[in-house]
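Asker: Could you have a look at this structure, given as C-alpha cells, before my questions?
What follows is calculated from the coordinates using simple rules that are stated; it is not laboratory data. Computed from a predicted model, the values in this text were never measured in an experiment. For neighbour counting, all protein chains shown are included, and Cβ atoms are generated from backbone atoms with ideal geometry for every residue, glycine included.
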C-alpha cells in the first residue's frame, strides 16, 4: 500500500522508504536502528552536522518568546534584523540588503523577479530576458523550473515562464552570441558558481569572469545561485569569494540554517538596491507569509555561530584533499570514469554501463548515503564536521559498489 505522504522526486507508486529518525554529526539512524554515514548532508544542507543541541535550544527559546510575526510593513522582529545585518557583513557584495524567504526555490524566483523589476524601475521595461545555463538547477517553482538546464525536470508542467533561455554550460562564445541576439533585452544571467544538482560541474577557468564582463557590456545583472555553494561549502562564506567574482544578486538557503529550520533569501547588491530605493514612495510588492520568520532566523544565527567558532570554513579544503583525492585515485585506477568537484562538493562520473542509481542503492545497503545524478554520476556533499575516517569510508564504499 502506498503511503499517504507524496514524496518529492520519487515514484508515486513506491511503497517502502528508509525512515530516518535521528542523527548525530555525520551519521543518521533509521527506524530499524541502522546507522548510515550521511555523505550528502541530507540534501546538500546540513553543514554543522545533525543533533546540534545549541540550535535546538535557540529554536525553543525563540519560539517560546515569539515564534513568528509578519514582516510586511510596518512590522519587523529582532531576529530577522540581526540575521540580515550579519549576512550583509559576510557577503562580498558592497552596500547590500537582504530579502528573506523560506527556500532556495523561493529565493531563485524572487531574484528573477527583482532582476526584471530593477530594469523597470530604471526605465528599461523591455529587459525581460533571463539567461541560465544547461545543467543548471534552480529549484522547482515555476521561475526556477523554467531556468533549469535539466530538460527532464521541465516535462509535463505545461507552458513555463516566457523569455527565459538556456545557454550551453561553459561556452562563453555561445553565451555572447545569445546575449547579442537579445541585445538590449537581457535582464540577467543566472548561474551557480559550481553547478551542483546537475552533476557537480565546477566552471571552466575564466568562465565566471567572462560572465561578469558580458553582463557589464550588455547592461544585464549577474545572479549567483548560491543555494548549495553558500556558507562554507567552497571554503568561504560565499562561492563568490572563492571564484573572485561579485554578482548583483545572490540567492541562498540550505546551509544558512543547516536545515534545522527552512530559510532562504536573496542578497541584493548596490545596483538593485539603488533602483528599489530610487523612489521613496515605491512599495516592493512581493514577499511570503514567513519572510523574516523569527524562529528560522534564530536557528540561522546559531548555525552561523557554530560555523565560525568551530572553524568549519576550513573543512572544505580537508574534504577536497581526502574525498576529492580518493575519488581522483579511483578514477586513475579506472574504477570510475572521472572525479569532479571543488571544496566540499564532489561527484563520481560513471563509466558507460555503470548505473549511478544502482551504485547509490548498493552504497545505501553498505551504510553510506550518496545521491545519484541521473544515471551518469554519484554526488557527495558531506557535513563540514565529517571526520577523515568517515571520508575514507565514503571512498572505500564507492570502490566496493561501483
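Asker: List the pair-distance distribution P(r) of region 215-270, using every Cα-Cα distance, as the percent of pairs falling in each 10 Å bin from 0 up to the bin containing the longest distance, rounded to whole percents.
Answerer: P(r) over region 215-270, rounded to whole percents: 25, 50, 21, 4, 0.
Asker: Fewest Cβ neighbours within 10 Å first, please rank 99, 75 accordingly. Display every interim value, and only then the final one.
Answerer: Numbers: 99 26, 75 10.
If I rank by nearby Cβ atoms, fewest first, I get 75, 99.
Asker: Another one. Picking from 38, 30, 388, which is most flexible by a Gaussian network model of the chain using Cα springs under 10 Å?
Answerer: 30
Asker: Continuing with this model, one more query. Using only the Cα atoms of region 236-308, build the gyration tensor, take square roots of its eigenvalues as a ≥ b ≥ c, and label the shape rounded, prolate or oblate: rounded if a/c is under 1.5, else prolate if a/b is larger than b/c, else oblate.
Answerer: Details: a/c = 2.79, a/b = 1.28, b/c = 2.19.
Verdict is oblate for region 236-308.
Asker: Hey, in the GNM for the chain with a 10 angstrom Cα cutoff, which one of 13, 29, 302 fluctuates hardest?
Answerer: Between 13, 29, 302, it is 13 that shows the largest mean-square fluctuation.
Asker: What FRET efficiency comes out for the pair residue 75/residue 375, r = Cβ-Cβ distance, R0 = 45 Å, nearest 0.05?
Answerer: Details: r = 49 Å, r/R0 = 1.09.
Calculated value: 0.40.
Asker: If you stretched the chain out fully between residue 34 and residue 174, how much longer would it get, using 0.36 nm times the residue separation minus the C-alpha to C-alpha distance?
Answerer: Residue separation times 0.36 nm, minus the Cα-Cα distance, leaves 45.5 nm.
Asker: Hey, in the GNM for the chain with a 10 angstrom Cα cutoff, which one of 284, 384, 214 fluctuates hardest?
Answerer: 284
Asker: Could you check the simple spin-label distance between residue 7 and residue 204, using points 7 Å along Cα→Cβ, in nm with one decimal?
Answerer: It works out to 3.8 nm between the two label points.
Asker: Turning to a different aspect of this structure: Roughly how far apart, in whole Å, are the Cα centres of region 1-75 and region 379-397?
Answerer: Between the Cα centres of region 1-75 and region 379-397 lies a distance of 20 Å.
Asker: Among 285, 254, rank each residue by its count of other Cβ atoms within 10 Å, from fewest to most, as a rough exposure measure.
Answerer: Least to most surrounded, the residues fall as 285, 254.
Asker: What FRET efficiency comes out for residue 281 versus residue 165 if R0 is 30 angstrom and r is the Cβ-Cβ distance? Round to the nearest 0.05.
Answerer: Values: r = 34 Å, r/R0 = 1.15.
My answer for the efficiency is 0.30.
Asker: State whether region 124-198 is rounded, prolate or oblate according to the following rule on the C-alpha gyration tensor (a ≥ b ≥ c being the square roots of its eigenvalues): a/c under 1.5 gives rounded; otherwise a/b larger than b/c gives prolate, and the remaining case gives oblate. Before the final figure, lay out each step's value.
Answerer: Numbers: a/c = 1.99, a/b = 1.24, b/c = 1.60.
Oblate is the answer for region 124-198, as a/c is 1.5 or above yet b/c matches or exceeds a/b.
Asker: Test of understanding: ordering 186, 108, 120 by Cβ neighbours within 10 Å, fewest first, what list do you get? Don't skip to the end; give the middle numbers.
Answerer: Details: 186 26, 108 31, 120 14.
Ascending Cβ contact count within 10 Å gives the list 120, 186, 108.
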